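The values are calculated or read from the model by the stated rules, or taken from the named source; none is laboratory data. In this text, all values refer to a predicted model and were calculated from it rather than measured experimentally. Reconstructed Cβ throughout: ideal geometry from the backbone, glycine too, with neighbour counts over all protein chains shown.
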Amino acid sequence: MKYFIVAGEASGDLHASNLMQGLKQKDTNAQFMFFGGDLMLEQGGELVKHYKDMAFMGFVEVLQNLRQVSKNLKLCKRTIRAFNPDVVILVDYPGFNLRIAKYAKALGFKVIYYIAPKVWAWKESRVKQLRKYVDKLIMIFPFEQEYFKRKGVDAVYLGNPLVDTIQEIADDGKFIERHALEQKPIISLLAGSRKQEIKHNLPVMLTLVDKFPQYQFVIAGAPSLRIDDYKRHMGKANVSIVFNQTQNLLRHSSVSVVTSGTATLEAALYNTPEVVCYKGSTISMLIAWLVVRIKYISLVNLIMDKEVVKELIQFKLNPESLYSEVSGLLPGEQHRNEMLSDFQKLRNMLGESDVSIRVAEFIVGFINQN
(Lines give C-alpha, C1' and ligand atoms only; values in the text may rest on other atoms or scores of the structure.)
Protein backbone atom coordinates (compact mmCIF):
# COMPACT_ATOMS: atom_id res chain seq x y z
CA MET A 1 0.00 0.00 0.00
CA LYS A 2 1.00 3.64 -0.42
CA TYR A 3 1.59 5.86 2.61
CA PHE A 4 1.94 9.64 2.53
CA ILE A 5 3.40 10.94 5.79
CA VAL A 6 3.89 14.50 7.05
CA ALA A 7 6.30 15.24 9.91
CA GLY A 8 7.40 18.83 10.37
CA GLU A 9 9.90 18.60 13.24
CA ALA A 10 12.85 16.54 14.51
CA SER A 11 10.73 14.59 17.01
CA GLY A 12 8.17 13.85 14.28
CA ASP A 13 10.95 12.58 12.03
CA LEU A 14 12.03 10.17 14.78
CA HIS A 15 8.57 8.80 15.50
CA ALA A 16 7.56 8.64 11.83
CA SER A 17 10.75 6.73 10.94
CA ASN A 18 10.00 4.12 13.60
CA LEU A 19 6.43 3.89 12.35
CA MET A 20 7.69 3.36 8.79
CA GLN A 21 9.89 0.54 10.04
CA GLY A 22 6.83 -1.04 11.64
CA LEU A 23 4.73 -0.55 8.52
CA LYS A 24 7.34 -2.36 6.41
CA GLN A 25 7.05 -5.33 8.74
CA LYS A 26 3.27 -5.39 8.52
CA ASP A 27 3.05 -4.50 4.80
CA THR A 28 5.85 -5.89 2.65
CA ASN A 29 4.64 -3.80 -0.32
CA ALA A 30 4.71 -0.49 1.57
CA GLN A 31 5.58 2.58 -0.51
CA PHE A 32 6.37 5.91 1.15
CA MET A 33 6.33 9.54 0.12
CA PHE A 34 6.78 12.14 2.82
CA PHE A 35 7.55 15.52 4.28
CA GLY A 36 10.09 14.72 7.00
CA GLY A 37 13.76 14.24 7.69
CA ASP A 38 16.86 12.11 7.44
CA LEU A 39 15.62 9.35 9.74
CA MET A 40 12.56 8.82 7.58
CA LEU A 41 14.73 8.86 4.47
CA GLU A 42 16.77 6.00 5.91
CA GLN A 43 13.60 3.88 5.87
CA GLY A 44 13.17 4.38 2.12
CA GLY A 45 10.72 6.22 -0.09
CA GLU A 46 10.78 9.76 -1.45
CA LEU A 47 11.49 12.83 0.67
CA VAL A 48 9.57 15.77 -0.81
CA LYS A 49 10.40 18.48 1.75
CA HIS A 50 12.81 18.43 4.71
CA TYR A 51 11.43 19.54 8.05
CA LYS A 52 14.32 22.00 8.50
CA ASP A 53 12.50 24.16 5.92
CA MET A 54 9.25 23.89 7.86
CA ALA A 55 10.10 24.19 11.58
CA PHE A 56 8.94 27.68 12.54
CA MET A 57 8.18 28.20 16.22
CA GLY A 58 6.34 30.94 18.06
CA PHE A 59 3.59 33.29 16.96
CA VAL A 60 5.89 36.00 15.64
CA GLU A 61 8.20 33.58 13.84
CA VAL A 62 5.30 31.90 12.04
CA LEU A 63 3.92 35.27 10.92
CA GLN A 64 7.33 36.23 9.56
CA ASN A 65 7.43 33.07 7.45
CA LEU A 66 3.84 32.93 6.20
CA ARG A 67 4.91 32.96 2.56
CA GLN A 68 7.10 29.89 3.02
CA VAL A 69 4.38 28.12 5.01
CA SER A 70 1.93 28.78 2.16
CA LYS A 71 4.37 27.37 -0.40
CA ASN A 72 4.88 24.25 1.71
CA LEU A 73 1.12 23.71 2.00
CA LYS A 74 0.60 24.00 -1.74
CA LEU A 75 3.46 21.60 -2.44
CA CYS A 76 2.10 19.08 0.04
CA LYS A 77 -1.39 19.19 -1.45
CA ARG A 78 -0.09 18.76 -5.02
CA THR A 79 2.08 15.83 -3.98
CA ILE A 80 -0.72 14.03 -2.17
CA ARG A 81 -2.99 14.35 -5.17
CA ALA A 82 -0.29 13.04 -7.53
CA PHE A 83 0.84 10.20 -5.25
CA ASN A 84 -2.75 9.04 -4.59
CA PRO A 85 -1.96 7.22 -1.32
CA ASP A 86 -4.03 4.61 0.50
CA VAL A 87 -3.71 6.69 3.64
CA VAL A 88 -2.37 10.07 4.73
CA ILE A 89 -0.58 9.88 8.08
CA LEU A 90 -0.07 13.21 9.86
CA VAL A 91 2.49 13.34 12.68
CA ASP A 92 1.97 16.10 15.28
CA TYR A 93 2.73 19.59 13.76
CA PRO A 94 -0.95 20.69 13.98
CA GLY A 95 -0.84 24.18 12.47
CA PHE A 96 0.20 22.65 9.17
CA ASN A 97 -1.22 19.15 9.41
CA LEU A 98 -4.80 20.05 10.26
CA ARG A 99 -4.95 22.01 7.01
CA ILE A 100 -3.66 18.97 5.17
CA ALA A 101 -6.20 16.78 6.98
CA LYS A 102 -9.03 18.97 5.70
CA TYR A 103 -7.68 18.85 2.15
CA ALA A 104 -7.02 15.10 2.14
CA LYS A 105 -10.43 14.29 3.61
CA ALA A 106 -12.18 16.45 1.02
CA LEU A 107 -10.51 14.39 -1.73
CA GLY A 108 -11.68 11.16 -0.12
CA PHE A 109 -8.36 9.95 1.33
CA LYS A 110 -8.21 8.09 4.63
CA VAL A 111 -6.60 10.32 7.28
CA ILE A 112 -4.82 9.11 10.40
CA TYR A 113 -3.35 11.55 12.89
CA TYR A 114 -0.41 10.12 14.85
CA ILE A 115 0.59 12.00 18.03
CA ALA A 116 -2.43 14.07 18.93
CA PRO A 117 -2.27 17.87 18.79
CA LYS A 118 -2.06 19.32 22.30
CA VAL A 119 -5.56 20.76 22.13
CA TRP A 120 -5.93 20.19 25.87
CA ALA A 121 -3.29 22.92 26.30
CA TRP A 122 -4.47 25.53 23.82
CA LYS A 123 -6.56 26.02 20.69
CA GLU A 124 -9.27 23.64 21.85
CA SER A 125 -11.22 24.72 18.78
CA ARG A 126 -9.06 22.26 16.85
CA VAL A 127 -11.06 19.41 18.41
CA LYS A 128 -13.81 20.13 15.87
CA GLN A 129 -11.29 19.73 13.05
CA LEU A 130 -10.10 16.42 14.47
CA ARG A 131 -13.66 15.12 14.64
CA LYS A 132 -14.48 16.30 11.11
CA TYR A 133 -11.32 15.60 9.10
CA VAL A 134 -9.50 12.75 10.89
CA ASP A 135 -10.64 9.13 10.66
CA LYS A 136 -8.47 7.87 13.54
CA LEU A 137 -6.46 9.77 16.13
CA ILE A 138 -3.57 7.89 17.77
CA MET A 139 -2.56 9.35 21.14
CA ILE A 140 0.80 8.90 22.85
CA PHE A 141 0.03 10.09 26.40
CA PRO A 142 -2.20 8.12 28.78
CA PHE A 143 -3.84 11.24 30.26
CA GLU A 144 -5.22 12.12 26.80
CA GLN A 145 -7.58 9.13 26.70
CA GLU A 146 -10.25 10.59 28.96
CA TYR A 147 -10.01 14.02 27.34
CA PHE A 148 -10.60 12.86 23.76
CA LYS A 149 -13.29 10.40 24.82
CA ARG A 150 -15.12 13.27 26.49
CA LYS A 151 -14.76 15.36 23.31
CA GLY A 152 -16.16 12.64 21.06
CA VAL A 153 -12.99 12.11 19.01
CA ASP A 154 -12.33 8.62 17.58
CA ALA A 155 -8.99 8.10 19.33
CA VAL A 156 -6.88 5.19 20.55
CA TYR A 157 -3.89 4.90 22.92
CA LEU A 158 -1.33 2.25 21.94
CA GLY A 159 1.60 3.39 24.09
CA ASN A 160 4.34 6.02 23.81
CA PRO A 161 6.87 5.49 20.98
CA LEU A 162 9.72 6.97 23.01
CA VAL A 163 9.71 3.78 25.06
CA ASP A 164 10.85 1.97 21.91
CA THR A 165 13.53 4.46 20.91
CA ILE A 166 15.09 4.36 24.37
CA GLN A 167 15.46 0.59 24.17
CA GLU A 168 16.62 0.51 20.55
CA ILE A 169 19.60 2.86 20.88
CA ALA A 170 22.48 0.73 22.11
CA ASP A 171 25.48 1.97 24.08
CA ASP A 172 28.76 0.69 22.63
CA GLY A 173 30.73 2.04 25.58
CA LYS A 174 32.75 4.38 23.37
CA PHE A 175 30.63 7.54 23.47
CA ILE A 176 33.20 9.57 25.45
CA GLU A 177 36.12 8.42 23.32
CA ARG A 178 34.31 8.77 19.99
CA HIS A 179 33.44 12.41 20.63
CA ALA A 180 36.78 13.32 22.23
CA LEU A 181 35.17 14.25 25.54
CA GLU A 182 36.94 14.54 28.87
CA GLN A 183 36.94 11.85 31.56
CA LYS A 184 34.69 13.97 33.76
CA PRO A 185 30.98 13.64 34.61
CA ILE A 186 28.69 15.44 32.15
CA ILE A 187 26.06 18.12 32.53
CA SER A 188 24.26 18.22 29.19
CA LEU A 189 22.62 21.30 27.72
CA LEU A 190 19.63 20.76 25.43
CA ALA A 191 18.85 24.28 24.28
CA GLY A 192 16.28 23.37 21.62
CA SER A 193 16.12 22.46 17.96
CA ARG A 194 15.41 25.91 16.49
CA LYS A 195 17.62 28.97 16.08
CA GLN A 196 15.36 31.19 18.15
CA GLU A 197 15.35 28.69 21.02
CA ILE A 198 19.17 28.60 21.01
CA LYS A 199 19.30 32.40 20.99
CA HIS A 200 17.08 32.78 24.07
CA ASN A 201 18.09 29.75 26.16
CA LEU A 202 21.72 28.80 25.55
CA PRO A 203 23.39 31.95 26.99
CA VAL A 204 21.67 31.45 30.35
CA MET A 205 22.56 27.75 30.40
CA LEU A 206 26.22 28.57 29.76
CA THR A 207 26.41 30.64 32.96
CA LEU A 208 26.69 27.28 34.76
CA VAL A 209 30.02 26.36 33.21
CA ASP A 210 32.35 28.23 35.58
CA LYS A 211 30.27 27.27 38.62
CA PHE A 212 30.77 23.51 38.26
CA PRO A 213 34.46 23.00 37.41
CA GLN A 214 34.29 19.32 38.36
CA TYR A 215 31.90 18.71 35.45
CA GLN A 216 32.22 19.04 31.69
CA PHE A 217 29.39 20.67 29.77
CA VAL A 218 28.20 19.21 26.46
CA ILE A 219 25.64 20.78 24.15
CA ALA A 220 23.28 18.49 22.26
CA GLY A 221 23.46 19.71 18.65
CA ALA A 222 20.12 19.44 16.82
CA PRO A 223 20.23 17.77 13.38
CA SER A 224 18.50 20.73 11.73
CA LEU A 225 21.13 23.23 12.93
CA ARG A 226 24.80 23.94 12.21
CA ILE A 227 27.66 24.50 14.63
CA ASP A 228 27.65 28.23 13.83
CA ASP A 229 24.07 28.45 15.12
CA TYR A 230 25.49 27.59 18.54
CA LYS A 231 28.88 29.28 18.35
CA ARG A 232 27.42 32.75 17.87
CA HIS A 233 25.80 32.49 21.33
CA MET A 234 28.64 30.77 23.19
CA GLY A 235 31.20 33.50 23.69
CA LYS A 236 34.34 32.02 25.25
CA ALA A 237 32.56 29.19 27.08
CA ASN A 238 34.60 25.97 27.13
CA VAL A 239 31.98 23.44 26.10
CA SER A 240 31.73 20.62 23.57
CA ILE A 241 28.97 20.19 20.98
CA VAL A 242 27.83 16.73 19.91
CA PHE A 243 25.39 16.52 17.00
CA ASN A 244 22.71 13.86 16.40
CA GLN A 245 23.49 12.06 19.66
CA THR A 246 20.94 13.53 22.07
CA GLN A 247 19.79 10.24 23.53
CA ASN A 248 23.28 8.84 24.00
CA LEU A 249 24.31 12.14 25.56
CA LEU A 250 21.41 11.96 28.01
CA ARG A 251 22.39 8.40 28.88
CA HIS A 252 25.88 9.60 29.88
CA SER A 253 24.78 12.76 31.72
CA SER A 254 24.70 13.23 35.47
CA VAL A 255 22.24 16.11 35.06
CA SER A 256 20.60 17.73 32.05
CA VAL A 257 19.28 21.24 31.46
CA VAL A 258 16.48 20.88 28.91
CA THR A 259 14.18 23.19 26.99
CA SER A 260 10.57 22.07 27.05
CA GLY A 261 9.61 19.44 24.50
CA THR A 262 10.08 15.77 23.77
CA ALA A 263 13.58 15.91 25.30
CA THR A 264 12.09 16.41 28.76
CA LEU A 265 10.50 12.98 28.51
CA GLU A 266 13.60 11.44 26.93
CA ALA A 267 15.71 12.59 29.87
CA ALA A 268 13.28 10.99 32.30
CA LEU A 269 13.27 7.69 30.42
CA TYR A 270 17.08 7.68 30.55
CA ASN A 271 16.92 8.31 34.30
CA THR A 272 18.73 11.63 33.94
CA PRO A 273 17.67 14.26 36.51
CA GLU A 274 16.75 17.47 34.74
CA VAL A 275 15.82 21.12 35.02
CA VAL A 276 13.38 22.36 32.39
CA CYS A 277 14.06 25.85 31.03
CA TYR A 278 12.31 27.94 28.45
CA LYS A 279 12.70 31.50 27.21
CA GLY A 280 11.16 32.90 24.03
CA SER A 281 10.68 36.30 22.45
CA THR A 282 8.74 38.60 24.77
CA ILE A 283 5.82 38.99 22.35
CA SER A 284 5.50 35.26 21.70
CA MET A 285 5.61 34.43 25.40
CA LEU A 286 3.04 37.09 26.28
CA ILE A 287 0.65 35.67 23.71
CA ALA A 288 1.33 32.14 24.99
CA TRP A 289 0.51 33.14 28.55
CA LEU A 290 -2.82 34.50 27.34
CA VAL A 291 -3.90 31.36 25.47
CA VAL A 292 -2.19 28.33 27.07
CA ARG A 293 -4.39 26.63 29.64
CA ILE A 294 -2.09 24.08 31.34
CA LYS A 295 -0.27 24.07 34.67
CA TYR A 296 2.99 22.69 33.28
CA ILE A 297 5.01 22.87 30.05
CA SER A 298 7.11 19.72 30.44
CA LEU A 299 5.76 16.35 29.38
CA VAL A 300 7.06 14.74 32.58
CA ASN A 301 4.95 16.99 34.79
CA LEU A 302 1.92 16.79 32.51
CA ILE A 303 1.91 12.99 32.54
CA MET A 304 2.52 12.75 36.29
CA ASP A 305 0.11 15.65 37.00
CA LYS A 306 2.52 17.17 39.51
CA GLU A 307 5.82 19.08 39.52
CA VAL A 308 8.37 16.31 39.25
CA VAL A 309 10.92 18.49 37.44
CA LYS A 310 11.42 22.19 38.08
CA GLU A 311 10.25 24.49 35.28
CA LEU A 312 12.08 27.79 34.92
CA ILE A 313 10.07 29.75 32.38
CA GLN A 314 10.88 33.16 30.89
CA PHE A 315 11.64 35.60 33.76
CA LYS A 316 12.13 32.77 36.27
CA LEU A 317 15.06 31.54 34.19
CA ASN A 318 18.19 33.36 35.33
CA PRO A 319 21.73 32.34 36.34
CA GLU A 320 20.90 32.22 40.06
CA SER A 321 17.74 30.12 39.81
CA LEU A 322 19.34 27.73 37.33
CA TYR A 323 22.43 27.23 39.51
CA SER A 324 20.26 26.52 42.55
CA GLU A 325 18.18 23.88 40.77
CA VAL A 326 21.13 22.10 39.14
CA SER A 327 22.98 22.01 42.47
CA GLY A 328 20.08 20.13 44.05
CA LEU A 329 20.23 17.39 41.39
CA LEU A 330 23.88 16.39 41.75
CA PRO A 331 24.71 12.84 42.96
CA GLY A 332 24.00 12.43 46.66
CA GLU A 333 21.32 15.12 46.83
CA GLN A 334 17.90 14.14 48.22
CA HIS A 335 15.99 15.94 45.47
CA ARG A 336 17.82 13.84 42.89
CA ASN A 337 16.71 10.61 44.56
CA GLU A 338 13.11 11.78 44.76
CA MET A 339 13.11 12.68 41.06
CA LEU A 340 14.55 9.30 40.05
CA SER A 341 11.82 7.55 42.04
CA ASP A 342 9.15 9.55 40.17
CA PHE A 343 10.82 8.70 36.84
CA GLN A 344 10.28 5.00 37.58
CA LYS A 345 6.57 5.61 38.18
CA LEU A 346 6.43 7.54 34.91
CA ARG A 347 7.92 4.66 32.92
CA ASN A 348 5.30 2.31 34.37
CA MET A 349 2.52 4.67 33.31
CA LEU A 350 3.65 4.79 29.67
CA GLY A 351 3.18 1.06 29.08
CA GLU A 352 5.03 -1.66 27.21
CA SER A 353 7.47 -1.48 24.30
CA ASP A 354 6.89 -2.35 20.57
CA VAL A 355 4.61 0.67 20.26
CA SER A 356 5.50 1.38 16.62
CA ILE A 357 4.65 -2.21 15.68
CA ARG A 358 1.25 -1.93 17.36
CA VAL A 359 0.55 1.40 15.66
CA ALA A 360 1.59 0.01 12.27
CA GLU A 361 -0.61 -3.06 12.74
CA PHE A 362 -3.51 -0.80 13.70
CA ILE A 363 -3.06 1.38 10.60
CA VAL A 364 -2.77 -1.54 8.19
CA GLY A 365 -5.84 -3.14 9.75
CA PHE A 366 -7.79 0.10 9.50
CA ILE A 367 -6.96 0.49 5.79
CA ASN A 368 -7.94 -3.10 4.99
CA GLN A 369 -11.23 -2.84 6.87
CA ASN A 370 -12.36 0.39 5.20
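Which residue out of 141, 148 is crowded, with 19+ Cβ neighbours inside 10 Å, touching a residue at least 60 places away in the same chain (Cβ under 8 Å) and not assigned by TED's automatic domain parsing to the domain that holds residue 217? Let's see the steps before the verdict.
Working: 148 fails: touching a residue at least 60 places away in the same chain (Cβ under 8 Å).
Of 141, 148, the one residue that is crowded, with 19+ Cβ neighbours inside 10 Å, touching a residue at least 60 places away in the same chain (Cβ under 8 Å) and not assigned by TED's automatic domain parsing to the domain that holds residue 217 is 141.
The rows are residues; the columns are (1) modelled with pLDDT under 90; (2) touching a helix residue (DSSP H, G or I) at 6+ places or on another chain (Cβ under 7 Å).
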position	(1), (2)
272	no, yes
288	yes, no
300	no, yes
338	no, no
343	no, yes
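Checking the structure you have, find out if any residue of the range 167-178 is in contact (Cβ under 8 Å) with a residue 60 or more places away in the chain, more than 24 Å from the chain's Cα centre (by Cα) and outside any strand (DSSP E or B).
For the range 167-178, residues in contact (Cβ under 8 Å) with a residue 60 or more places away in the chain, more than 24 Å from the chain's Cα centre (by Cα) and outside any strand (DSSP E or B): present.
State the number of residues belonging to the range 114-132 that are touching a Phe, Trp or Tyr at 6+ places or on another chain (Cβ under 9 Å) and either β-branched (Val, Ile, Thr) or crowded, with 20+ Cβ neighbours inside 10 Å (or both).
Adding up the residues that qualify gives 6.
Would you pick out the residues in the range 171-228 that are closer than 18 Å to residue 252 by Cβ, surrounded by fewer than 16 Cβ atoms within 10 Å (Cβ to Cβ) and not basic (Lys, Arg)?
Within the range 171-228, 171, 172, 173, 176, 177, 180, 182, 183, 185, 214 qualify.
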